[in-house]
1. Computed FRET efficiency, Cβ-Cβ of Ser105 and Gln45, R0 41 Å: what is it to the nearest 0.05?
2. Let me know the Kirkwood hydrodynamic radius for region 172-275, please, with Cα pairs as the basis and the value in Å to one decimal.
3. Considering only Val207, Val273, Val71, give the residue with the highest GNM mean-square fluctuation for the chain, with springs between Cα atoms whenever their separation is below 10 Å.
4. Fully extended, how many nm does the chain gain between Ala367 and Ala125 (0.36 nm per residue separation, minus their Cα-Cα distance)?
5. Taking H as built 1.01 Å from N, whose amide H comes closer than 5 Å to the amide H of Ala74, not counting residues under 5 places away?
6. Using a Gaussian network model on the chain with a 10 Å cutoff between Cα atoms, which of Pro130, Pro54, Pro275 fluctuates the most?
7. Based on the alpha-carbon gyration tensor of the chain, what equivalent-ellipsoid semi-axes (square roots of 5 times the eigenvalues) come out, in whole Å, largest first?
8. Once you charge only the Cβ atoms, +1 for Lys and Arg and -1 for Asp and Glu, what is the size of the charge dipole of the chain about its Cα centre, to the nearest 20 debye?
Amino acid sequence: MAARTPDELPAELVLDDGARYPAIWLRDNCTCAGCVVPGSAGSGQKLFGITDLPPDLRIESADREAGTVRVVFAPDGHQARYDLAWLAARRPGLAVPPDDRAEDSKRLWEAADLADRLPGAEWEAFTGEPAERARCLEALLTLGFVLLRGVPAGDRAVLDVARSFGYVRETNYGELFEVRVEENPANLAFSSLPITPHTDNPYREPVPTIQLLHCLANAASGGDSGLVDGFRAAAALRRARPAALDLLARTPVTFRYADEHADLTATAPLIGVDPIGRIRSIRFNNRSMCPVALAAGQLPAFYAAYRAFAELLSAPAAQLNLRLEPGDCLVFDNTRILHARTGFTAGGRRHLQGCYADLDSAASALAVLRRGR
Ligand code: FE2
């Protein structure tokens, strides 16, 4: 019998259970010593690029061997071996891509869900016990915040907290920023006025993805902190008014902050969704929002959607209220959790130090801790 020409060969591997694996997908995931850095099977550092592969790949042959399948590709005769369990777990079309930043990796909440059991730990346990640290980082990633208590109420201690799981994101405000009453505040955060729920630094791209607030003194009456789950509010908006969610996700909004030394702008939607529609980020800050650049006919619908989202965010049931005491350090996801502050009496002393860090390092720290389990 004459050898089959390449276009008579199958373009995909079909396993007994009907799972289909296109040849190009298989080849792109070959882990032979010629295709990935030896010893890097875990991270799969590839030694080739897509343009190095033949464009018309086919399956020359496929043979089952003890829990694996050995594939020979045409036209170049390259050989690869795949673990069947590995293939089954990655069956094309089986699952949406995992993304620890998207809503389906989160536990959405409203105030009543957490009011009597705030996720948190004592600082000493957090630093000394890997299991406690893992539990706290998991809370930060799934609930969006964690409260560490008993952090020494000293100057710059907030930086130690950030460095315990990641890296400080220095900005034009410096390594850290002070939140206390000031005489002529450049920023509302430094006044004694109440501040409605917002995310920080929406005028920056990339936005700082974690914020830390460490309480050094809180003798003022008022000055309580509030947290709101922005993903939950966005999901509620989608249920009640899908067109409103869609409009907010598709409308770029510019945010700006300017002072003597800085002039920062960034443009992004109030609700960010990923390419398959999952809620993935919230940018919400009325103080630094610039005029929305839409056609006149579209602006009323935008404002109606913006108002509906703001109403969900400011609903009393949405906001978890807590009072930070000296030594408390709140760590939260600034792409999801909005924070607020009630007004306070300028007479009583209230002093917080804050800084920024990033979620990728926190997620990495957690993944490494889990390896050890
Ligand atoms: Fe803030």
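Nothing in this text is a laboratory measurement; each read-out follows from the coordinates by a stated rule. Please read these numbers as outputs of a predicted model, since none were measured by experiment. With ideal geometry, Cβ positions are generated from the backbone for all residues, glycine too; neighbour counts draw on all protein chains shown.
1. It comes to 0.95.
2. Kirkwood radius, region 172-275: 16.3 Å.
3. Val71
4. On the way: separation 242, 0.36 × 242 = 87.12 nm, distance 1.88 nm.
Result for the pair: 85.2 nm of gain on full extension.
5. Long-range HN contacts for Ala74: Arg58, Ile59, Glu60.
6. Pro54
7. 48, 26, 19
8. Values: 41 positive and 47 negative charges, 128 e Å.
Dipole about the Cα centre, nearest 20: 620 debye.
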